[in-house]
Each structure stands twice: as structure tokens, then as C-alpha cells.
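My questions all concern the structure below.
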Amino acid sequence: MSGIFGVISKGDCAETLLHGTDYHSHLGTEFGGIAILGEHFTRQIHNISQSQFKSKFFEDYKKIKGNKGIGVISDFDEQPIYLNSKFGPFCIVTNGFISNSEKLAKKLLRKGISFSEVSRSTVNTTELVAKYISQSRNLISGIEKTLEAIEGSCSLLLLHRDGIYAARDKFGYTPLAVGKREDAWAVTTETSAFPNSGFEVTKYIEPGEIILINENGITQKKPGTNKNRICAFLWIYTGFPASSYEGVNVEMVRERCGRFLAKRDRNMEIDVVSGVPDSGTAHALGYAMESGKPYRRPLVKYTPGYGRSYTPPSQETRDLIAKMKLIAIKEIIEGNRIVVCEDSIVRGTQLKNFTVNKLWNAKAREIHIRPACPPLMFPCKFNLSTRSTHELAARRAICDLEGKDIEDISEYIDHTSGKYKKMVEWIRKDLGITTLQYQTVDDMVSAIGLPKEKLCLDCWMGNTQNAT
Ligand code: SF4
């Protein structure tokens with residue numbers, strides 16, 4: 001994933017840009033970048049895999065002057081990309097996952113367009129977007145045609161002498177919101193970037209909508225569509241608690257998720273409700289409020305030493321850090337029946353090795369795991385590209401139960417079926433816990449509160465609502 005932020009102000013915007021971009025640090029771990037337009041463009045990109053965004057840019061931003069700028073925290077590509085096009089020079093940042101990037105790159109290569117940026121994948125997708133846009137007769141039609149050609153998702157901010165063009169991907173998988181304060185306008189992935197800089201949300205950009213923000217305010221350049229399929233996982237795990245998407249706050253959704261989980265456990269005897277920090281915390285608070293049982297912290301995270309943007313290079317080191325990060329409090333655990341709310345179970349290995357084992361070692365009496373979403377069944381094609389099908393705990397269970405990989409897993413998706421129950425039991429045994437009960441799709445959708453057809457639920461249900 002990535003997070004993007006842009007600002008236009010009456011005076012210098014560098015400090016607001018630094019903080020606004022920094023508030024997206026939970027969304028990416030590889031590169032941070034900013035571009036500011038004053039008398040001319042200034043662009044800075046740093047690798048942030050071994051240190052935090054703020055520490056890399058803290059000295060730079062004081063030397064940069066300009067009243068409009070864009071920033072990005074990125075998991076894939078080095079951004080922003082600068083391009084001197086026939087529409088004049090511009091800088092661009094993107095957020096999303098372009099699944100047909102190679103096909104689009106080949107199309108441009110055939111036209112004689114070259115690529116210069118080095119990327120982990122074959123092409124830097126932000127450079128691809130910049131070059132695709134520059135093929136059109138003007139910037140608006142360039143952005144429109146590019147978003148149309150992209151499979152997957154891509155929202156973008158384009159910094160130009162006209163102002164900042166902001167466009168959300170055509171199905172709205174990735175969010176984008178506009179904020180205003182007395183002397184400035186801003187646009188952001190995470191609305192949590194707004195309050196401490198004095199911005200208030202004035203608009204959630206619609207899927208496929210293109211706007212221009214400049215000193216005069218907002219001008220709509222292309223209306224949005226009603227084909228919204230915003231990522232439901234933003235509320236469950238990836239989003240920041242203080243953020244809202246489509247007007248729905250993340251923390252409130254997580255609390256409602258926890259309440260739904262607790263409602264299904266009415267007759268269960270427990271002593272302690274807890275969550276795997278950080279994203280499991282709000283789910284657990286909701287569970288505790290609904291069940292009337294105390295929320296406590298049997299496992300605390302040593303945040304000072306292990307910020308989320310620190311990504312060690314080897315799996316061995318990553319495992320070591322995952323092990324060292326959570327510290328068990330024996331006084332809260334020993335002899336107690338503990339509910340542990342977790343955002344989701346992906347592979348299940350970290351949950352087993354670094355949460356469950358610590359609770360058993362500290363002599364928990366029972367451990368009841370409650371994921372806030374249903375079993376993950378499919379990798380993401382639009383946003384999070386890191387997991388593959390065979391890694392998922394549910395798919396490993398299905399493969400073992402069936403004796404092979406199977407194509408049609410619809411019975412395992414249906415939480416009322418016998419196969420679903422066998423799959424959950426397999427995962428429970430594998431984790432070595434007392435009980436395991438997942439959220440249902442319908443309860444998760446109710447917790448979010450948007451119509452089901454307006455959400456992407458492909459992680460759990462596959463591509464049932466064709467995004468065409
Ligand atoms: S597949 Fe999952 S992670 Fe990807 S956009 Fe859809 S809900 Fe979000």
C-alpha cells in the first residue's frame with residue numbers, strides 16, 4: 001500500500017506537507033517522498049526501510065520553499081516522479097496496485113516511450129502512470145484515460161503550476177478526501193492527517209472523480225461514478241483509527257466489530273478481554289463493552305523500540321522482532337480465561353508463535369481467539385499484493401482437509417456449512433487454542449455500515465461482484 005498527501009496554502013507549505021505525509025507512515029515501509037512547487041520544483045526521495053520518514057526529511061523540509069506540494073509513503077516504488085511533459089513540468093504520486101502494469105508498459109514501449117526509474121518490479125508504476133498521462137491531448141483526458149486503462153487500483157495526486165490534480169481510482173478501492181483550513185486546502189488518503197494541522201474534511205472524492213485544487217478552492221474536472229468498491233480491509237486492519245472513509249470512522253467500526261463478536265459468545269465464561277495491539281485493541285474494546293467483561297492488556301507492545309516503519313531485511317530478524325515486540329504480563333494472564341481479538345488471521349504463524357505461545361507460557365487457563373473478519377480466502381489484486389493463496393491459514397486447512405488444492409471453495413466460505421466448521425476446527429487445532437470463532441461477512445458489513453455492494457469483500461468472498 002501507499003499513502004498520499006497534498007497541500008496548497010497561502011504561505012509556505014513544507015511543514016504541513018511533512019506532517020501530513022508522515023501521518024501515512026503506517027501504510028508503507030520502503031520509500032518516502034515529497035515534491036514542492038515554488039519558483040521551481042524541488043523533489044526529495046528517501047529509503048525509509050531502516051528509519052522513519054520524519055527523521056529522513058526533518059532537515060530537508062526547512063530548506064524547501066513553495067506553497068503547494070505532494071508527498072507519499074510507499075511500499076513499492078520510489079516516488080514522486082518528475083516529468084517535463086508537453087503540458088509543462090509536473091510531479092506525481094500514486095496509491096494502489098496496477099495489475100496490468102507490464103501490459104501498459106509494453107504498449108508505451110512500442111510507441112517509443114522509454115522508462116528510466118529503477119523499481120523492484122519491472123517498471124516503476126508511478127512513472128508508468130506519469131508517462132501514460134502525458135500521451136493525451138491535455139492533463140484531464142490523460143488522467144481519465146490512464147485510470148480507465150488501469151486494472152487494479154490507482155489514485156493519484158499530480159502537482160502542476162495549475163494546482164494539485166487529485167483523482168481517485170475508478171472503483172474507489174483506495175480512498176481520498178479533501179480538507180480545508182483558513183489558509184490552505186489539503187487532500188489525503190488518511191483523514192487522520194487533518195485534525196492536528198487544523199484541517200476539516202469537506203469532501204470524500206468519489207470513485208473516478210478528478211478535481212483540481214488551487215488557491216481558489218476546488219474545481220471538479222470529471223464527476224465520479226457510483227461504482228464504489230472501497231476496500232473493507234481498511235476499516236478492519238490497514239486504516240488508522242482516527243481516519244474516516246466515506247464518512248465512516250475506523251475506530252467506531254472496530255468497536256462495532258468487537259460487539260458483534262461478543263454477541264455470538266453470550267454464554268461463554270471468560271475473565272479477560274484483550275486485543276493483539278495495535279489494530280486488535282479497538283475490536284477488543286467493543287467486545288468488552290458488549291460482554292461487560294473487563295478489557296485488560298495481557299500482552300503489551302514495546303512501541304518505543306519497534307516502530308511499524310522499521311522493516312528488517314531478513315525473515316530471521318523479522319521473526320526475532322515479532323517475538324520481542326509483545327511482552328506478556330503474567331499477573332494478568334495466569335489462571336485466566338482470555339478472549340483475544342485480532343484484526344485477521346493471515347498465515348497464523350505469528351499469532352501462534354508470538355501471541356498464543358506467550359499466553360500459554362504465562363499459564364493462561366483458556367485462550368479464545370476472535371478475528372474481526374471472516375477467514376481470508378484470496379490474495380488482494382487491488383491493494384495489498386503481498387500475500388499469496390497458499391500462504392493463507394484457511395487455504396492450508398482446505399488443502400489438508402481435501403488432500404489437494406481445490407478450485408471451488410464456496411462451501412468453505414459459507415459459515416453455516418459443515419465444511420466451514422471443519423476448516424475452522426483445523427485452524428483452531430493448528431493454533432493450539434481453546435476456541436476460535438471468526439466474524440461473519442454480514443456482521444462485518446453491518447459493522448462498517450455501508451451497503452454490501454459498495455464494498456470490496458474479495459479477500460473473503462472472491463470476485464463475486466465483478467468490477468467492470
Ligand atoms: S481484496 Fe481485500 S484487501 Fe484487496 S481491496 Fe478488496 S477487501 Fe481490500
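Could you tell me which of rounded, prolate or oblate describes the stretch 322-406, using a ≥ b ≥ c as the square roots of the eigenvalues of the alpha-carbon gyration tensor, with rounded for a/c under 1.5 and, failing that, prolate when a/b is larger than b/c and oblate otherwise? If you can, show how the numbers build up before the last one.
Values: a/c = 2.54, a/b = 1.93, b/c = 1.31.
Here the stretch 322-406 falls in the prolate category.
Past 18 Å, Cα to Cα: identify those pairs from Lys330/Lys358; Lys111/Lys221; Lys263/Lys363, in the order given. List each step's numbers first, then the result.
Details: Lys330/Lys358 9 Å; Lys111/Lys221 28 Å; Lys263/Lys363 27 Å.
The pairs that break the limit, which is 18 Å between Cα atoms, are Lys111/Lys221; Lys263/Lys363.
Would you tell me the accessible area of Lys227, worked out with a 1.4 angstrom probe on the heavy atoms of the protein chains, in Å² to the nearest 10?
100 Å²
On to the next question. Could you report the chain's accessible area per residue, 1.4 Å probe, as an integer in Å²?
42 Å²
Just to confirm the number: angle between the C-alpha axis of helix 315-325 and the first principal axis of the chain, 0 to 90 degrees, nearest 10?
Around 70 degrees separate the two axes.
Continuing with this model, one more query. Ignoring everything but the protein chains, give the 1.4 Å probe accessible area of Cys231 in square angstrom, nearest 10.
Its heavy atoms expose roughly 20 Å² to the probe.
Considering only protein heavy atoms and a 1.4 Å probe, what is the carbon-and-sulfur percentage of the accessible area of the chain? Mind dumping the intermediate values first?
On the way: 9620 of 19700 Å².
So the carbon and sulfur contribution to the accessible surface is 49 percent.
Once the cut-off is 45 Å, how many percent of the Cα-Cα pairs in the chain end up in the long-distance tail? Intermediate values should be presented prior to the final figure.
Numbers: 14177 of 109278 pairs.
Value for the chain (Cα pairs over 45 Å): 13 percent.
Straight-line reach from Lys222: which aspartates and glutamates have a Cα under 14 Å away, not including same-chain ones fewer than 8 places off?
Leaving aside aspartates and glutamates fewer than 8 places away in the same chain, those within reach of Lys222 are Glu144, Glu148, Asp169, Glu206, Glu209.
Considering only DSSP beta bridges whose two residues both sit in the chain, what percent are antiparallel, to the nearest 5?
On the way: 67 of 82 bridges.
Rounded to the nearest five, the antiparallel share is 80 percent.
Expected output is a single nm value to one decimal: the length gained when fully extending between Glu316 and Ala242, i.e. 0.36 nm times separation in residues minus the C-alpha distance. What is it?
Values: separation 74, 0.36 × 74 = 26.64 nm, distance 3.28 nm.
Full-extension gain reported as 23.4 nm.
Nearest-5 percent of antiparallel DSSP beta bridges in the stretch 197-344?
65 percent
Using a 1.4 angstrom probe on the protein heavy atoms only, could you order Ile345, Ile413 from most to least accessible area?
Numbers: Ile345 10, Ile413 50 Å².
Reading off the accessible areas and sorting them downward yields Ile413, Ile345.
By accessible area of protein heavy atoms, probe 1.4 Å, what ranking do Met461, Met444 get, highest first?
Details: Met461 50, Met444 0 Å².
The ordering from most to least exposed comes out as Met461, Met444.
How big is the gap, in Å, between the Cα center of the stretch 228-272 and the Cα center of the stretch 114-184?
31 Å
Follow-up question, since we're still on this one. How do the peptides 73-84, 417-428 rank, highest first, by the average count of neighbouring beta carbon atoms within 10 Å per residue? Numbers along the way, then the final one.
Numbers: 73-84: 23.2, 417-428: 16.6.
Per-residue Cβ counts within 10 Å, averaged per peptide and sorted highest first, yield 73-84, 417-428.
Mind scanning Lys107/Lys454; Lys145/Lys203; Lys54/Lys325; Lys293/Lys429; Lys180/Lys325; Lys106/Lys170 and naming the pairs with a C-alpha gap bigger than 29 Å?
On the way: Lys107/Lys454 32 Å; Lys145/Lys203 24 Å; Lys54/Lys325 22 Å; Lys293/Lys429 26 Å; Lys180/Lys325 38 Å; Lys106/Lys170 22 Å.
Exceeds cut-off: Lys107/Lys454; Lys180/Lys325.
The values are calculated or read from the model by the stated rules, or taken from the named source; none is laboratory data. In this text, all values refer to a predicted model and were calculated from it rather than measured experimentally. As a convention, Cβ positions derive from the backbone with ideal geometry for all residues, glycine included, and neighbour counts pool all protein chains shown. Heads up: the accessible areas ignore ligands, DNA and RNA and are worked out on the full protein's heavy atoms, side chains in. Shrake-Rupley method; radii C 1.70, N 1.55, O 1.52, S 1.80 Å.
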